[in-house]
Structure formats: structure tokens, C-alpha cells
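The next block holds one structure in the form of C-alpha cells; read it before the comments.
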Amino acid sequence: MKIKKTEGILLHCCCGPCAEYPLQQLSAENYQPTLYYFNPNIQPQAEWQRRYESLAKLSDLLDLSLVATGAAATEQWLSLPDQAERCRFCYRLRLEEAARYAQANRFPVFSTTLLVSPYQKREMIVEIGQELADSYGLKFLAADWRPGFRAGQQWAREHGLYRQRYCGCIFSLEESSFKERIKAEHARLEQGISDRT
Ligand code: SF4
């Protein structure tokens, strides 16, 4: 898949696998995407790094620019006053940072790979994205990429990208039926990280 270079769009990316299908669709619509990785909800840091590396691999494969900023912010999630509102807080934080970057760097349009996942709260994401677009003088591309979710996951498998088994924050990790296995993987990764430092 080659991206045609016509109109710029800042694509907030939560991970590599979820970027696969939206990038194919944007290519068909003649957009020139820049990938933007700002996901403090991806916790702990070993997981943040793992998902970043998967997206970086995809950006290399497709020859696309990738901007990454921030880090895992577990303490921020632990101190949220209302856990029932954590996803609204999470979407807004990430999309507002993307909107700010888009405005500062003259991207007329922004969007997010969160719109490919049937597991995310689409209506809330679109509402926040459009509100931020109005505030920052941008367009929010509210595409419905969910029909391509399975195909995107299959391409990610073929590209050898890491595919996660929980949404991101420490609470969603605790809710995952794979949590013990995932925590063991994190412990191994953290050991690898500290061995290198
Ligand atoms: S469940 Fe997912 S969307 Fe909701 S706060 Fe956690 S990481 Fe964010």
C-alpha cells in the first residue's frame, strides 16, 4: 500500500494494528497522513513502549512520518476522581493533544484510529473530536472504519505487529482475562529494559 501525497491529515494512532485499515482508506481518499502517538493511557510504560514500537514498524513499512510524545501516566489515571468517567477523560486528553499539534503544525484535518475499534465508544469519540475541531479551527474526520477492523488485525498479523489484549489503562488490564500472562510479559520486558540501562 502506497500513500498518495495530496492532503495532509494528522492521524492520532493508538497502536499499529488499529492504524492498518484507516491508513488503507486514507490512501484511497488521497490523504497524506502523519501518524501521531500520544497515549498516556497505555500503561505501564513497558506496554506503552511495545505499542509504540509496533506503530514505528508500520510507519517504516509504509514510509510515513511518525511523531511520538509523552509516556505512560498511570498515576494520573489512579487519581481520577470519577472512574465512571475515565474513558471520556482519556479520549479528550489524547484528542486535545492531537488537535493542538495539528493546529500548531498546520494540518487542516485530524482523526483517530480509535474509530476503527468496535470496542471503543464511537459516539463519545466523535462528539469530543467535533467539539475540539470547532475549538481549534480544524476538521475532524469522523470516519466509521469499524467494518475493516478484522481485516486490519489480519494485516497486522501478516506484518508481524504486536497485537494487544487490553484497552490500555491499568483498570482495563485488571479487567482482562489475560491479565496474569500480560503482567508476566511486562515483568520480562521491564527486566529487559533495566538490563539495558
Ligand atoms: S478503558 Fe481504554 S478508553 Fe477507557 S480509560 Fe482505559 S484506556 Fe482509556
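The values are calculated or read from the model by the stated rules, or taken from the named source; none is laboratory data. The structure presented is a predicted model; accordingly, all values stated were derived computationally and were not measured. Virtual Cβ from ideal backbone geometry, glycine too; neighbours counted across all protein chains shown.
Just the residues that are among the basic types (Lys, Arg), within 19 Å of Gly70 (Cβ to Cβ) and more than 16 Å from the ligand (Cβ to nearest atom), please, taken from the range 92-126.
Arg100 - this is the single residue of the range 92-126 that is among the basic types (Lys, Arg), within 19 Å of Gly70 (Cβ to Cβ) and more than 16 Å from the ligand (Cβ to nearest atom).
Of the residues in the range 134-150, how many are assigned to a helix (DSSP H, G or I), closer than 22 Å to Asn30 by Cα, in contact with a helix residue (DSSP H, G or I) (Cβ under 7 Å, 6 or more places away or on another chain) and away from the ligand (no atom under 16 Å from the Cβ)?
Here the count works out to 1.
Which of the residues belonging to the range 54-97 are within 26 Å of His186 (Cα to Cα) and of a type in the set (S, T, N, Q)?
Ser54, Ser59, Thr69, Thr74, Gln76, Ser79, Gln83
I need the full set of residues from the range 103-131 which are under 10 Å from His12 (Cα atoms) and surrounded by fewer than 19 Cβ atoms within 10 Å (Cβ to Cβ), in order please.
none
Anything in the range 1-49 that is hydrophobic (A, V, I, L, M, F, W, C), in a helix (DSSP H, G or I) and either surrounded by fewer than 17 Cβ atoms within 10 Å (Cβ to Cβ) or at pLDDT below 95 (or both)? List them, or say none.
Answer for the range 1-49, where residues must be hydrophobic (A, V, I, L, M, F, W, C), in a helix (DSSP H, G or I) and either surrounded by fewer than 17 Cβ atoms within 10 Å (Cβ to Cβ) or at pLDDT below 95 (or both): just Ala28.
Can you name every residue in the range 50-83 that is more than 16 Å from Cys14 (Cα to Cα), assigned to a loop (DSSP other than H, G, I, E, B), within 16 Å of the ligand (Cβ to nearest atom) and modelled with pLDDT of 95 or more?
Correct list: Ser79, Leu80.
Only one of these is under 23 Å from Leu58 (Cβ atoms) and more than 16 Å from the ligand (Cβ to nearest atom): Gln164, Gln153. Name it.
It is Gln153.
For the range 60-102, give me the residue count where each residue is of a type in the set (S, T, N, Q) and surrounded by 13 or more Cβ atoms within 10 Å (Cβ to Cβ).
2
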